[in-house]
Every structure is written in structure tokens, then in C-alpha cells.
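Since the structure comes first, as C-alpha cells, the remarks are kept for the end.
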Amino acid sequence: MAIKATTKIYGIFGHPVSHSLSPVMHNSAFAALGLDCAYLAFDVAPKEIGKAAQAVKTLGIKGINITIPHKESIIPHLDEIASDAEIMGAVNTVRNDDGRLTGCNTDVGGFLMAVEEELGIKPGGSSVLLVGAGGAARAVMSAFCMNGAERICIANRTYDKALKLASEFGKQFKNIRIEPAALDDSRVIKARLAEADILVNSSSAGMEDEETIELPLDVLKGTACVYDLVYKPRETRLVKEARRLGHRASGGLGMLLYQGALSFEIWTGVKAPVEVMRKAIE
Ligand code: NAP
């Protein structure tokens, strides 16, 4: 679609951002629906996020996705925060209504839609082993805590980060058993894995060129599922091993797709063409 004087601009702020699949995903969706819109990637240095937020207003950019490292630092520059983004303490989608910026978080909804569609998982009453305690872990924690999980163990390479995340969510969700663990504490990890209904990897371990996590998957219950937020490669070693042992397991492309679809709908008010978007990122 040709860019014209009337074209509405959307985009993503990140640093780095050149690897992002969001431009191809959203531009395919705009083209499929014949919308006069375009989506660009903007590499915004950490200290410039305030100016970039101001530019959204000044230039009349209609909507922006926010990725690493700006998901938390954008918040003071917004006019309003939706409740899910507030609980999570992170924003990945900003909507501009005539100069008023609202921050939302579609990572939570995207994760829930992906695990339900791909693994048939609903968080209510579940026991979870969550690996990782970074930004993505916050989305997974919010998804399970806001939807009635029973027990969550956060296992991280750096124990103190797991402790901090567990105590932050523990204060907000007192009826859920949330405990931290060190990823190399094999006794605790084995015990929590054996009880888990779902194992989620939200760490970057297993990404291309990164070392993978070694977990004793053979102790998982037969009905347990595995979700790996990593989507490059499409089938991580963790997913491959879980499938080999007969578990339902999935990589993170579905979460990426659905968080994008939800952002698209927040911005345009139009139902996202999910299959077009899926094809674009695949
Ligand atoms: P982040 O904030 O930088 O956190 C990274 C986490 O990974 C930390 O907990 C870190 O542990 C852990 N980690 C890194 N390397 C590790 C290793 N070799 N072994 C064990 N743990 C390791 O990053 P993030 O935003 O949470 O993103 C994490 C991953 O999720 C990335 O691969 C990202 O692409 C993916 N993600 C996917 C989606 C999706 O839509 N599918 C959405 C968001 C993120 P320490 O605390 O010890 O450093």
C-alpha cells in the first residue's frame, strides 16, 4: 500500500529493534484489510524515551508498541495506565487519543490466548514452575496470578531476582503460594517440577546462540505441559525434549502473534486478521 499524506503511523520503540517481527506482522495486517496505515521500527536510546513519548503526541503517531528496554521507563511519560499494565508494572502498547497517551499490556492476554489455544491450559487452580524473573516473567506471573493459579515457583539463575519478583506478587496476591528458587537448586526444582501442571520458560536461555536450561523433565506428570516463550528457534531444545517425552509443548510464536493481534485491535477497533499475521511472522 502506498504511503500518502493521510497515512496513519504506528510503530515500535526498542533498543535494539532491528530484529523485531512486529513491522512485518502489522504491515501485513494493514495491507490485508486495506487500511491506510503503516508501522515502523524506531531505535530509541534509553535516555531518550521521554522525548520519544512526547514525539508520539507531537507527530500524531496513533499507536506504539514498547519493547526492551523501555517497558517500565515509558510509564511516567504516559497520561493513563490500564489496570493490567499497572499490576504488571510494564507497558507494551500505547494508544494515542488526540494527544492523550494510554499504556496497556497485551503480553498477558497474548500469553493466555497462546497457552489456551496451543496447550489447552487454563490457569485456574494450576501449579506452575516458571523459569526466569525478567520482564517476560512479569507478564506470565500476571497472567497466572490474575486468573487464579494455586501455586507458582519462580526459578531464576540469579536467586535475588526471583525473590524480588515473588515478594512483589506475593504482596498483591496473598491467596496464591508464590515461592522463589535458585535455578541450580536441583532438589527444589525437581520437587516443583514433579508437582507442576505447566512448566514455563520465560528466560532467554535456549535462544539462538544462548545456552539452554537443563531440567529433569522426566519427573513431570504425564499431563503436564511446557510453554517456552523463546521463539527463535521455532522448536527450542526444551520444547523438543518435552515432546519427545510425550508432553504437549509449544514455543513462543503464538504469544508474539496474539499480543500483536490485541495491540492491533486496541489501536484500530477492527478485528485483527490473525491468520495473515501468523503467516507473516512464520
Ligand atoms: P530479560 O528481562 O532480559 O530477562 C532475562 C531472563 O533470562 C532473566 O531471568 C535471566 O536470568 C534469564 N537468563 C538469561 N540467560 C540465561 C541462561 N543462560 N540461563 C538461565 N537463565 C538465563 O528478558 P525478557 O524480556 O524477560 O525476555 C526473556 C525471553 O522471553 C527472551 O528470549 C524473549 O525473546 C522472550 N519473550 C518472548 C515473548 C513472546 O511473545 N513469545 C515476549 C516477551 C519475551 P538472570 O536474572 O540470572 O540474568
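What Kirkwood radius, in Å to one decimal, follows from the Cα pairs of the stretch 108-251?
This gives a value of 14.8 Å.
Can you send over the solvent-accessible area of residue 4, 1.4 Å probe, protein chains only, in Å² to the nearest 10?
Accessible area, nearest 10 Å²: 110 Å².
Given the pairs 71/232; 164/240; 122/174; 62/122; 57/164, which are separated by over 25 angstrom at their Cα positions?
164/240; 62/122; 57/164
For 102, 6, give the ranking by accessible area with the largest first, probe 1.4 Å. Write down the numbers at each step before the final one.
Details: 102 20, 6 95 Å².
From most exposed to least exposed: 6, 102.
At a probe size of 1.4 Å, how large is the accessible area of residue 59, to the nearest 10 Å²?
130
Go ahead and set up a Gaussian network model of the chain, Cα springs under 10 Å, then flag whichever of 242, 191, 162 fluctuates most.
Result: 191 has the largest fluctuation of those listed.
With every protein chain left in place, what is the accessible area per residue of the stretch 83-200 in square angstrom, probe 1.4 Å?
Per residue, the stretch 83-200 has 41 Å² of solvent-accessible surface.
Using a 1.4 Å probe on the protein chains only, how many percent of the accessible area of the chain belongs to carbon and sulfur?
Summing carbon and sulfur atoms, their accessible area is 52 percent of the total for the chain.
Take 93, 212 and sort them by solvent-accessible surface of the protein heavy atoms, 1.4 Å probe, largest at the top. Each step should come with its number before you reach the end.
Values: 93 0, 212 30 Å².
So the residues, ranked largest to smallest area, are 212, 93.
Would you tell me the accessible area of residue 73, worked out with a 1.4 angstrom probe on the heavy atoms of the protein chains, in Å² to the nearest 10?
50
Kindly provide the helix-only [θ] at 222 nm of the chain, computed as the sum of -39,500 (n - 2.57) over DSSP H runs of four or more divided by all residues, to the nearest 500 deg cm²/dmol?
Numbers: 10 runs with 110 residues, N = 282.
After summing the helix terms and dividing by residue count, I get -12000 deg cm²/dmol.
Suppose a student asked you for the relative contact order of the stretch 152-246, using Cα pairs under 8 Å spaced at least 6 residues apart; what percent would you report?
In percent, rounded to a whole number, it is 23.
The values are calculated or read from the model by the stated rules, or taken from the named source; none is laboratory data. The model shown is predicted, which means the values in this text are computed figures rather than measured ones. Just the protein is used for accessible areas: all its heavy atoms, side chains included, with ligands, DNA and RNA removed. Shrake-Rupley method; radii C 1.70, N 1.55, O 1.52, S 1.80 Å.
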